[in-house]
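The structure under discussion appears below in the form of structure tokens.
Every number here is computed from the coordinates shown, using simple stated rules; none is lab data. As the structure is a computational prediction, the values presented were derived from the model and not from experiment. Quick reminder, even Gly has a Cβ in these numbers, built from the backbone with ideal geometry, and neighbours come from all protein chains shown.
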Ligand code: AHM
Ligand code: MG
């Protein structure tokens with residue numbers, strides 16, 4: 001059995017960086033514990049809910065953010081936290097070398113129906129400033145709170161999956177994961193079809209045509225609506241995830257956030273041999289203009305991402 005500690009000890013990165021990843025892993029254990037019994041304690045994903053004693057409950061996104069913040073404060077290697085839950089970045093008392101950008105609880109609209117949600121994070125050097133390209137990430141990961149609690153990590157060269165055991169220890173369950181280059185499974189919110197651009201329409205129409213279309217094979221659609229769940233499926237068995245720019249999201253630059261959703265997922269997928277794009281540019285090359293910047297997200301199996309980029313290249 002290889003634990004997270006064993007695995008980290010064997011990684012060729014500095015101890016400070018390992019400790020930052022360890023901090024996020026520990027925060028995820030605490031978040032998992034809260035989520036597991038949240039319906040009993042009366043905590044829900046909704047604002048304005050009360051528990052059985054009639055006390056007001058914090059949204060679980062806020063609870064998760066507080067858990068991450070508490071853990072991060074205890075690690076002297078971390079000096080800055082950027083969170084989806086906080087309008088501004090937090091400058092911590094520690095003068096540590098690293099910065100963490102996180103969505104502490106992504107997909108929280110799925111909580112009340114007991115569907116997998118997750119914590120996503122990106123680690124950068126604080127000296128590089130808040131607005132660094134995804135290529136500058138030193139580590140990235142997510143925890144998936146599903147049937148099993150999973151932790152997926154990369155330092156940029158390979159992607160490893162851990163599973164939380166009954167004793168609260170992360171056990172390595174898949175190392176050097178590879179995203180299949182070819183796939184016939186796509187994930188996109190098809191209810192947004194009327195907003196789609198020509199490239200998205202073209203790509204999805206080919207998939208829907210199945211064996212009667214140019215791909216010559218039957219495709220399948222899977223959309224959990226919880227990014228961590230959708231990306232974890234794609235990591236483990238291939239496929240493509242798409243939240244492209246459309247006529248409704250164009251004014252905001254997209255739906256998903258660059259620093260703590262798109263970039264860490266792109267690093268994890270690329271380190272596993274997959275690809276990522278906005279449609280016209282590698283996600284990891286996008287220069288951020290704001291900490292909560294949104295971006296179009298297309299990532300997964302290399303051949304599928306190439307097909308989408310092919311549609312965008314047709315103009
Ligand atoms: P959130 O950060 O508010 O939870 O939103 C992000 C989520 C993703 O997990 C998911 O891929 C997407 O929103 C789903 O969007 P939609 O509801 O448009 O299908
Ligand atoms: Mg989110």
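Among 228, 100, 171, the ranking by other beta carbons within 10 Å of each residue's beta carbon, starting with the fewest, stands as 171, 228, 100. Look at where the Cα atoms of region 214-242 and of region 173-187 average out, and the two centres are 9 Å apart.
Note on residue 190 and residue 74: the model spin-label points, each 7 Å out from Cα along the C-beta direction, lie 4.7 nm apart.
Distance between the 7 Å Cα→Cβ label points at residue 6 and residue 86: 3.5 nm. Quick check: the angle from helix 15-36's long axis to the longest principal axis of the chain, C-alpha only, nearest 10 degrees? In the chain, helix 15-36 runs at an angle near 90 degrees to the longest axis. Of interest is the spacing of the C-alpha centroids, which for region 268-301 and region 65-91 amounts to 23 Å.
Taken over region 210-265, the alpha-carbon convex hull comes to 112 cubic angstrom per residue. Once the chain is represented by equal point scatterers at the alpha-carbon sites, with solvent omitted, what log10 I(q)/I(0) does the Debye formula produce at q = 0.08, 0.11, 0.13, 0.16 Å⁻¹? Once normalised to I(0) and log-transformed, intensities are -0.35, -0.66, -0.92, -1.35. Just so you know, the averaged projected area of the alpha carbon convex hull for region 96-177 sits at 6.7 nm². Computed over every Cα-Cα pair of region 174-315 and binned at 10 Å starting from 0, the pair-distance distribution P(r) comes out as 12, 46, 35, 6, 0 percent.
With contributions of -39500 (n - 2.57) from each DSSP H run of at least four residues, the per-residue ellipticity at 222 nm computed over the chain stands at -8500 deg cm²/dmol.
Of all DSSP-defined beta bridges confined to region 185-313, some 70% are antiparallel rather than parallel.
Relative contact order, whole percent, for region 188-315 stands at 28, derived from Cα pairs under 8 Å and 6 or more residues apart.
For helix 227-237, what angle does its Cα long axis make with the longest principal axis of the chain, in degrees from 0 to 90 and rounded to 10? Once rounded, the angle reads 70 degrees.
When 116, 3, 44, 37 are arranged by Cβ crowding within 10 Å, least crowded first, meaning fewest neighbours, the order is 37, 3, 44, 116. Taking every Cα-Cα distance in region 4-174 and sorting them into 10 Å bins from zero, the calculated P(r) comes out as 10, 39, 35, 14, 2, 0 percent.
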